[in-house]
Amino acid sequence: MLRESLGVIHADKRWWRAVAVAGLCGMTLFGYPISAGFIISHLENTRKGYATPLPPLVDWTTRWLMGLFAVLIEFVFYVLPTMVTALFFFCGGLTLVMQRADESQSSVLWLFGLGLGLWWLTMFLSGVSAIGRLVYVDDSSAERCLSGYPLRESFRRHAWKYYAKARIYSLPLYLLPVACILCMPWILDQGGIFAWVSGITVTWLFFSSLFYAHLVTMQIYHRADQQLIDQQLARSQYGEDA
């Protein structure tokens, strides 16, 4: 599935331009939904049967609105739990500070950090964001994709194996974004003009590679979804277990 998905993206000779522009948009908080909307637009075209060429870089307002819902899916399953965890940690940490329990405070920090990290890892491996985007494109329903349905779908009996296979195939795509994150502390430690230029370049490379990873990943999950349909294991129209 990975090779086929890469072939779809690279069939467009100007794929690199879309990746570069999306990386620039992603560097700003306001422009990030534009890159997400580009992915949604390409997924819509794919579901309709014409995955190549990639969507043109036009009508950015519509791209932004389409991508906003895709970003909200990630917000619900990644950012919102982080905010809730931070709130609980603040309340617990404040109590420990008042009690002057330094060792307990450190233990609580590690406990919340470990719990949050495990949640992020579970959400990533389950592919809940990619499944949510499939639901959003197919059903045109923000309510379903922003509810717990994508998470239930990722663990649905008989279907989870296909989604797990899709996630395994997509893992190599995220090596470059992870490498960018890991090298950023070293770059910032250098200081001076080198840190500024290299930091901006690596940040652009991170968002560009992340966009590319998401773009190919949605092609992989599209193929996994098609396999479910071929095996008569497609998800129910009303979100019930098939």
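The values are calculated or read from the model by the stated rules, or taken from the named source; none is laboratory data. Since the structure is predicted, the reported quantities are computational estimates derived from the model, not experimental observations. Using ideal geometry, Cβ is built from the backbone for each residue, glycine included, and neighbour counts are taken over all protein chains shown. We work out accessible area using only protein heavy atoms, side chains counted, and drop any ligands, DNA or RNA first. Shrake-Rupley method; radii C 1.70, N 1.55, O 1.52, S 1.80 Å.
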Pop a pseudo-label 7 angstrom from the Cα along the beta-carbon direction at both Thr28 and Trp186 and give the gap in nm to one decimal.
-> 3.2
In a GNM of the chain with a 10 Å cut-off on Cα contacts, which of Leu114, Leu210, Leu125 has the highest mean-square fluctuation?
-> Leu114
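Hydropathy at least 0.0 by Kyte-Doolittle, axial extent at least 24 angstrom from the Cα trace: which helices of the chain, defined as entire DSSP H runs, fit? Walk me through the numbers before you get to the answer.
Working: long enough: 32-48 (25 Å, -0.14); 80-99 (29 Å, 1.60); 102-126 (36 Å, 0.80); 192-230 (57 Å, 0.67).
Membrane-span-like by this rule: 80-99, 102-126, 192-230.
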Where the accessible area of the chain is counted over protein heavy atoms with a 1.4 Å probe, how much of it, in %, is carbon and sulfur?
-> 68
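Considering only protein heavy atoms, what per residue accessible area in square angstrom results for the chain with a 1.4 angstrom probe?
Dividing the accessible area of the chain by its residue count gives 56 Å².
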Probe 1.4 Å, all chains present, heavy atoms only: Thr203 accessible area in Å², nearest 10, is 40
Whole-Å distance linking the alpha carbon centroid of region 1-33 with that of region 127-181 is 18
Simple spin-label model, 7 Å along Cα-to-Cβ: Thr85 to Glu44 in nm?
-> 3.4
What is the gain in length, in nm to one decimal, between Ala195 and Leu125 on full extension, counting 0.36 nm per residue of separation less the C-alpha to C-alpha distance?
-> 21.9 nm
Read through the labelled values (1) 7, 32, 40, 20, 2, 0; (2) 7, 27, 33, 22, 9, 3, 0; (3) 7, 28, 36, 20, 6, 2, 0 and report the label of the one computed as P(r) over Cα pairs in 10 Å bins from 0, in percent from the structure.
-> (2)
Ignoring chymotrypsin sites (Phe, Trp or Tyr not before Pro) buried by more than 12 other Cβ within 10 Å or outside DSSP loops, the longest site-free run in the chain is 51-154
Which is farthest toward the positive dipole end of the chain among Trp196, Trp60, Ile73, measuring Cα position about the Cα centre, with Cβ charges +1 (Lys, Arg) and -1 (Asp, Glu)?
-> Trp60
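Go through Ile220, Ile181 and list them by solvent-accessible area, largest first, probe radius 1.4 Å. The partial results should precede the final answer.
Working: Ile220 0, Ile181 95 Å².
The residues order as Ile181, Ile220, largest area first.
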So, with points 7 Å from each Cα along the Cβ direction, the Thr62-Phe155 label distance in nm works out to 3.8
Extension gain from Leu114 to Glu143, taking 0.36 nm per residue of separation minus the Cα-Cα distance | 7.4 nm
